[in-house]
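This report refers to the structure that appears directly beneath it.
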Amino acid sequence: WLIPSAGVGALAYIAFPDSIGARLANFATLADSANSYRMAVWNSSWNMLPELLLGGVGLGEEAFKTAYINYAAAGTQSVMHSHNLYMQIVIQLGLIGLLLFLLVLFVVCRKCFSAPVTSSVKDITLTSRAALAGAVALLAAGLFDYTWYNFRVFFIFWALIGVACAATGLYENENREDVIPDYDENSYSLTVRIPKAKDRYEGEREDAQNE
């Protein structure tokens, strides 16, 4: 999809050179009021971090505003958040909160990529990775804004993480073998191995064909 996307982007730039070019130019200059305002908020929030690394100020707008007002640059006193997801997590929960969040993301990514893309589980693995890709897109947007300020976006992010983990869980359930202890009448310990779900299905189909 990268090649056709690049082609569409090039055609759009050719068709609308002035509007797209002006928008791209705004990203690279502080002359734009939105960019300068955001940089001022980032600088003020960054100055808060040394005193908040251990525990943060807690959750909620009021907790942030109470601490931020002491560091706010001129014209930014009324902001509700730091306009950066990761900086906001540190401000609210401290460095430990950010490390735990990154650890959760690492575990989820590792879980989603543990299943190989094979013909038997292709739909499941593609579903988990597609949901993870949506969550990563929101994390990328979090570099430039505090996307969790909108609770609908907050819900969508964790819903995507849940779908990714649930789809991977389906793969694990389809490809696991459970071993449970059992005992015969003489109290001798036995081991009963439960076959994989796919193997049970194949066996039932073969029995039906034989009948």
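Nothing in this text is a laboratory measurement; each read-out follows from the coordinates by a stated rule. Bear in mind the structure is a predicted one, so any value in this text is a computation, not a measurement. So basically every Cβ, Gly included, is an ideal-geometry build from the backbone, and we count neighbours across all protein chains shown.
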message: How big is region 71-115 along each principal axis, measuring the range of its Cα positions in Å and listing the largest first?
response: 51, 18, 11
message: Calculate the FRET efficiency for ALA74 and LEU105 from the Cβ-Cβ distance with a Förster distance of 25 Å, rounded to the nearest 0.05.
response: 0.10
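For SER33 and ALA159, calculate 0.36 nm times their separation in residues minus their Cα-Cα distance, and state this gained length in nm to one decimal. It would help to have the intermediate numbers written out before the result.
On the way: separation 126, 0.36 × 126 = 45.36 nm, distance 3.43 nm.
Net length gain for the segment: 41.9 nm.
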task: Describe numerically, in nm with one decimal, the distance between label points set 7 Å from Cα along Cα→Cβ at ASN47 and at ALA141.
output: 3.0 nm
